[in-house]
Amino acid sequence: RELILTLAVQGKLVPQDPADEPAGVLLQKIRAEKDRLIEEKKIRRSKPLDPIDESECGFELPSNWAWERLGNLGDWGAGATPSRSNSNYYGGKIPWFKSGELTADFIAESEETVTDAALRDCSLRLNQVGDVLIAMYGATIGKTAILSVVATTNQAVCACTPFEGLSNTYLLLLLKALKPYFIGLGAGGAQPNISREKVVATVVGLPPLAEQSRIVTRVEALMR
């Protein structure tokens, strides 16, 4: 399974189609969308990420793919844990996911819920249907899921709203392929963990949008 995922995100699982719009053009559209969302105050302007160094590119990229950092392909943010001492924060209608609950590709039901007051007071990010989650702490590092409901998370989970041009199902597959890498990044501390900063700085190969769909279809068939 790990080999399938590795080959998939290196462009070695399905043939490239010269008729596909190159990922370089796709990146221009993604950057334009990001600028528009910032201008409309729908997302915050994030700290610019470093240019990609050749040493960060770990394989030979297909000619119509492009290198990019994950942080430039979507809007990323971690959650928080509302104070347990305030009963007004828990038992509401908003699902609140912890990292151990990322147990399937699509998730809809959380063990706990929080209130609108918690959302307002506690720096919680309200994630939308289709957002992709990744766990960052302890034994759950690299676990992933796509939200089937509007929900929030604790601080051990980072969420991404992909920009148009990055399929959320391809991003899920990409993060699964990166799980061993993230586990390696988290090693060394008393409790292994990664951070949002480490996730967004990760360099990945971006395929054309049509190829993203073909890769996901092929991987699903092979996994079955």
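The values are calculated or read from the model by the stated rules, or taken from the named source; none is laboratory data. These numbers were taken from a predicted model, which means no experiment stands behind them. FYI the Cβ positions are ideal-geometry reconstructions off the backbone, even for glycines, and counts take in every protein chain you see. Side chains are part of the model used for accessible areas, which takes the heavy atoms of the whole protein and leaves out ligands, DNA and RNA. Shrake-Rupley method; radii C 1.70, N 1.55, O 1.52, S 1.80 Å.
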Inset, instruction - Give the number of residues within the stretch 84-127 that are over 22 Å from GLY142 (Cα atoms) and among the small types (Gly, Ala, Ser). - result: 7
Legend entry - Selection count where residues are in contact with a Leu (Cβ under 9 Å, 6 or more places away or on another chain) and either within 20 Å of GLU197 (Cβ to Cβ) or of a type in the set (Phe, Trp, Tyr) (or both), scope the stretch 50-67: 2
Legend entry - Checking THR153 against (1) within 18 Å of GLU197 (Cβ to Cβ); (2) without any contact (Cβ under 8 Å) to a residue 60 or more places away in the chain; (3) open to solvent by less than 10 Å² (accessible area, probe 1.4 Å), the condition it does not meet: (2)
Legend entry - Unique match (being aliphatic (A, V, I, L, M), modelled with pLDDT under 95 and open to solvent by 10 Å² or more (accessible area, probe 1.4 Å)) among ALA177, ALA190, ALA210, ALA201: ALA190
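Output the number of residues of the stretch 106-136 satisfying the condition of being of a type in the set (Phe, Trp, Tyr) and open to solvent by less than 20 Å² (accessible area, probe 1.4 Å). Quick ask: steps written out before the conclusion?
Initially, the stretch 106-136 is screened for residues of a type in the set (Phe, Trp, Tyr), giving 106.
Narrowing further to those that are open to solvent by less than 20 Å² (accessible area, probe 1.4 Å): none.
Result for the stretch 106-136: 0.
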Legend entry - Those residues of the stretch 133-187 which are under 22 Å from LYS34 (Cβ atoms) and among the small types (Gly, Ala, Ser), in sequence order: ALA159, GLY165, SER167
Legend entry - Residue count for the stretch 99-148, restricted to those that are farther than 22 Å from VAL216 by Cα and either of a type in the set (Val, Ile, Thr) or touching a Lys or Arg at 6+ places or on another chain (Cβ under 6 Å) (or both): 5
Inset, instruction - Working only within the stretch 134-154, note down all residues that are more than 16 Å from THR81 (Cα to Cα), in contact with a strand residue (DSSP E or B) (Cβ under 8 Å, 6 or more places away or on another chain) and of a type in the set (A, V, I, L, M, F, W, C). - result: ILE134, ILE141, ALA145, ILE146, LEU147, VAL149, VAL150
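Suppose the filter is open to solvent by 10 Å² or more (accessible area, probe 1.4 Å) and among the small types (Gly, Ala, Ser); does ALA139 pass it? Even if it seems obvious, please write down each step before you answer.
Working: open to solvent by 10 Å² or more (accessible area, probe 1.4 Å): yes; among the small types (Gly, Ala, Ser): yes.
Answer is yes for this residue.
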Inset, instruction - Please note which strands (runs of 3 or more DSSP E) are completely contained in the stretch 118-224 and include at least 2 residues that are over 12 Å from the mean Cα position of the chain (by Cα). - result: 203-206
Inset, instruction - Could you list all residues from the stretch 17-55 that are at pLDDT below 95 and among the polar types (S, T, N, Q)? - result: SER46, SER55
